[in-house]
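Let me begin by presenting the structure, written as structure tokens, before commenting on it.
We did not get these values from a lab; they are worked out from the coordinates using the rules stated. It should be emphasised that the depicted structure is a prediction, and the values quoted were computed from it without experimental measurement. Backbone-built Cβ (ideal geometry, glycine too); neighbour counts: all protein chains shown.
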Amino acid sequence: MVEPVTGSPAFQAFETREAAADHVATLIEGALRQQLAVAGRASLLLSGGSTPGPVFERLSAVGLDWASVSIGLVDERWVPEEDSRSNAALIKRTLLKDAAAEAQFEPMYTGAPDPAAGESQVEATYRLLFEAPPIMLLGMGPDGHTASWFPGTENLEVLLDPNAVQLVGAVDATDAPVAGDMPHRMTINAHALVQASLTVLYITGEDKRGVLEDRAATLPIHHAERLLGSRLKEVWAP
């Protein structure tokens with residue numbers, strides 16, 4: 001039985017997005033170096049969207065033993081990498097180049113007709129990434145979703161269960177307006193989240209800060225906060 005961690009997330013506000021991206025990249029770099037020094041390997045799970053791109057650009061130039069780093073995704077739209085909306089495409093374009101080109105990347109999209117059909121394959125692949133506690137970078141949508149935990153999703157209760165058997169889950173977010181025309185996705189679940197060695201939430205904009213701080217709303221991001229407590233590092237910039 002997984003118990004929530006006590007304490008509140010560590011929140012840091014920066015005046016510029018450049019400073020915030022520098023800080024997030026530094027946090028991840030430090031965690032990667034520590035994991036590599038201790039275990040000889042490291043795992044890193046990343047979110048998509050426009051916000052983390054500058055973080056990935058910074059990390060791509062860092063001199064690490066990238067060949068010993070496995071990179072995966074927190075969630076993914078069910079589209080091939082050729083689609084501009086693919087998180088895998090973002091990672092390959094912004095991170096897997098220069099010094100970081102030697103890292104091993106494990107996508108979530110399998111080519112199966114839908115996420116449910118690809119779930120078992122992704123689960124098997126991502127179990128290997130979790131052989132050591134991974135480092136995670138989360139984002140958040142304007143509706144308070146993180147990963148692909150959209151409010152109103154049919155299987156949200158299963159995704160939010162930290163004692164679930166699986167690490168990943170298929171998502172049909174047809175009833176979530178924020179998902180737009182891409183409701184079919186794959187995501188890590190709460191069981192995966194609580195196993196991370198470091199979790200960073202990076203958001204920008206006054207609107208998202210307002211959503212984050214409205215904890216009476218009990219949105220999925222607030223569930224993540226309760227599960228991780230003081231283990232979660234929150235970074236914000238205007």
Check your understanding: Where does the chain land on Rg(C-alpha)/(2.2 N^0.38 Å)?
Key -> 0.93
Point to revise | Qualifying GluC sites (Glu not before Pro) for segment 63-92 [loop in DSSP, other Cβ within 10 Å: at most 10] | key: E82
Exercise for review: Output the DSSP H helices from the chain with an along-axis C-alpha extent of no less than 30 Å and a mean Kyte-Doolittle hydropathy no less than -0.5.
Suggested key: 17-39
Point to revise | Inter-label distance, nm, simple model (7 Å from Cα along the C-beta direction), V5/E82 | key: 4.2
**Study point:** Longest exposed-site-free window of the chain, the sites being trypsin sites (Lys or Arg not before Pro) in a DSSP loop that have at most 14 other C-beta atoms within 10 Å
**Key:** 98-238
Exercise for review: Just flag the GluC sites (Glu not before Pro) in segment 96-148 sitting in loop per DSSP whose Cβ has no more than 14 other Cβ atoms within 10 Å.
Suggested key: E131
Check your understanding: Can you list the lysines whose alpha carbon is less than 26 Å from that of K208, not counting same-chain residues fewer than 8 positions off?
Key -> K233
Study note, to complete from the structure: Note on segment 1-134: alpha-carbon gyration tensor, axes a ≥ b ≥ c; rule is a/c under 1.5 for rounded, else prolate if a/b larger than b/c, else oblate; result rounded
Exercise for review: Please name which of A216, G111, M182 has its Cα lying farthest along the dipole of segment 106-238 towards the positive end, using unit charges on Cβ (Lys, Arg +1; Asp, Glu -1) and the Cα centre as origin.
Suggested key: A216
Point to revise | Theoretical ellipticity at 222 nm over the chain - DSSP helices of four or more residues, -39500 (n - 2.57) apiece, nearest 500 | key: -9500 deg cm²/dmol
**Study point:** Three principal axis lengths of segment 3-81 [C-alpha, angstrom, descending]
**Key:** 34, 34, 32
Study note, to complete from the structure: Of the residues S148, H23, G205, the Cα lying farthest along the dipole of the chain towards its positive end, which is defined by charges on the beta carbon of Lys, Arg, Asp and Glu, belongs to H23
